[in-house]
Amino acid sequence: FEVLKRAAVLGLITRNSRSLCFAGTHGKTTTSSMAAHILKSGSFGCNAFLGGEMLNYGTNFLLAPQSAYSVIEADEFDRSFHHLTPSVAVITATDPDHLDIYGTEEAYLESFARFTELIRPDGALIIHENLKLKPRPQDGVRVYTYSRDSGDFHAGYVRRANGTITFDLITPRGIIRNINLGVPVEVNIENAVAAAAAICLTDAWEPEVVREAISSYRGTKRRFETHLKEDNGAGRVIIDDYAHHPEEVRKSIESVKAIYPGRKLTVAFQPHLYSRTRDFAPEFADALSGADSLVLLDIYPAREEPIEGVSSEIIFDKVRCEDKILINKEKLVETLKNRNFDILLTLGAGDINTFIPAIIENLD
């Protein structure tokens with residue numbers, strides 16, 4: 001048997017299919033999952049290899065041997081995405097991360113620039129506006145921009161009413177009007193634009209399918225996943241999100257506040273990795289200061305050994321939120337039971353989500 005890393009196998013798949021590859025510090029799981037759902041909902045189908053479990057299908061893998069299309073979540077960790085040969089590449093964000101691998105922001109950006117060199121000469125690059133990245137695509141690669149409000153692909157006439165979000169999708173191939181966002185979170189407007197943009201540049205473009213699929217998309221496990229919604233949202237609410245980078249934490253908090261304006265937001269955050277906590281402690285503290293109440297847990301080490309002088313306290317001390325508490329995870333359920341929260345947002349890439357069933361079970 002020849003044993004290969006998963007990244008190498010994905011590289012083989014991209015060389016033998018029309019591959020849509022989604023990269024970025026954050027947003028890649030949702031955008032790739034949305035794109036896979038759109039293609040699967042249409043007449044072209046797709047094979048998909050994703051970083052999160054799609055709630056529509058209960059899996060992170062879709063198999064369609066008859067389809068020429070594959071959707072790949074292109075992970076920058078350990079430079080895995082350098083194995084790929086995209087037909088269409090999407091880059092959602094380049095905020096520095098994984099500095100335990102890259103060392104500096106410059107090296108991180110260079111890795112993304114190298115990724116853009118791998119796009120097929122007859123392919124396309126779709127990049128979020130205003131990134132620091134300077135792409136280096138080969139001659140023949142078409143380059144497009146996107147964002148929520150501007151770029152070659154963007155949203156127009158965004159409407160919000162009774163917990164729903166509706167918008168028009170503006171593309172070089174025309175406008176798709178009145179798209180209802182299946183997961184009505186502000187950041188998903190932009191995610192839907194990116195997902196649809198990738199498909200727009202292929203032969204699989206079916207506007208009516210795009211509209212219906214974005215509406216029927218249920219989300220990805222641990223990506224802004226609602227676990228409790230009492231009285232249709234008028235009572236207590238529990239939302240879990242995989243956010244583990246400062247910008248992801250900030251956007252997640254802002255999204256909850258936009259959905260439930262005027263409600264008290266309690267955030268329970270579990271930092272992920274000693275190195276990430278060390279590298280971004282001030283940024284984490286600033287993002288978490290947007291909470292009305294903060295429950296900060298000890299660091300989830302994952303693959304790392306402890307680093308001297310690095311603990312959750314270096315975040316906690318800088319958080320401006322006055323109602324804050326620092327605990328170990330074993331005390332989370334009892335702490336939340338006694339705090340009588342209104343809206344609870346659990347954040348982190350560790351195991352904080354495993355406590356949610358007990359949190360719900362212990363509610364008064």
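The values are calculated or read from the model by the stated rules, or taken from the named source; none is laboratory data. The shown structure was predicted, so the numbers you read here are calculated from the model rather than taken from an experiment. In this analysis, Cβ positions are derived from the backbone assuming ideal geometry, glycine residues included, and neighbour counts consider all displayed protein chains.
Among the listed residues A192, A268, A281, A243, which satisfies the condition of being in contact with a helix residue (DSSP H, G or I) (Cβ under 7 Å, 6 or more places away or on another chain), in a helix (DSSP H, G or I) and surrounded by 23 or more Cβ atoms within 10 Å (Cβ to Cβ)? Spell out the reasoning first.
Working: A268 fails: in a helix (DSSP H, G or I); A281 fails: surrounded by 23 or more Cβ atoms within 10 Å (Cβ to Cβ); A243 fails: in a helix (DSSP H, G or I).
Of the residues listed, the single one that is in contact with a helix residue (DSSP H, G or I) (Cβ under 7 Å, 6 or more places away or on another chain), in a helix (DSSP H, G or I) and surrounded by 23 or more Cβ atoms within 10 Å (Cβ to Cβ) is A192.
Could you grab me the full set of residues in the range 330-350 that are part of a loop (DSSP other than H, G, I, E, B) and more than 16 Å from K251 (Cα to Cα)?
Residues of the range 330-350 part of a loop (DSSP other than H, G, I, E, B): 340-342, 348-350.
Selection gives N340, F341, D342, G350.
Of these, S41, S33, which one is buried (at least 24 other Cβ atoms within 10 Å of the Cβ), polar (S, T, N, Q) and in contact (Cβ under 8 Å) with a residue 12 or more places away in the chain? Step by step, each of S41, S33 is checked, and only S33 is buried (at least 24 other Cβ atoms within 10 Å of the Cβ), polar (S, T, N, Q) and in contact (Cβ under 8 Å) with a residue 12 or more places away in the chain.
In the set (1) in the same structural domain as G156 (by TED's automatic domain parsing); (2) among the small types (G, A, S); (3) surrounded by fewer than 21 Cβ atoms within 10 Å (Cβ to Cβ), G262 fails one condition alone, (1).
Name the residue, out of T171, T166, T145, that is within 30 Å of A258 (Cβ to Cβ) and touching a Cys at 6+ places or on another chain (Cβ under 7 Å).
Numbers: T166 fails: touching a Cys at 6+ places or on another chain (Cβ under 7 Å); T145 fails: touching a Cys at 6+ places or on another chain (Cβ under 7 Å).
Only one candidate passes the filter, namely T171.
T25 meets all of the listed conditions (1) surrounded by fewer than 21 Cβ atoms within 10 Å (Cβ to Cβ); (2) hydroxyl-bearing (S, T, Y); (3) part of a strand (DSSP E or B) but one, namely (3). Residues in the range 63-73 that are buried (at least 22 other Cβ atoms within 10 Å of the Cβ) and free of Cβ contacts under 8 Å to residues at least 60 places away in the same chain: S70, V71, E73. In this structure, is I314 part of a helix (DSSP H, G or I), β-branched (V, I, T) and either surrounded by 18 or more Cβ atoms within 10 Å (Cβ to Cβ) or touching a Gly at 6+ places or on another chain (Cβ under 9 Å) (or both)? So I314 does not fit the description; no.
Can you give me the number of residues within the range 42-59 that are under 21 Å from the mean Cα position of the chain (by Cα) and under 24 Å from L125 (Cα atoms)? It would help to see each step written out before you state the result.
Taking the range 42-59 and keeping what is under 21 Å from the mean Cα position of the chain (by Cα), we get 46-59.
Of the ones still in play, those that are also under 24 Å from L125 (Cα atoms) are 46-52.
Residues flagged as under 21 Å from the mean Cα position of the chain (by Cα) and under 24 Å from L125 (Cα atoms) within the range 42-59 amount to 7.
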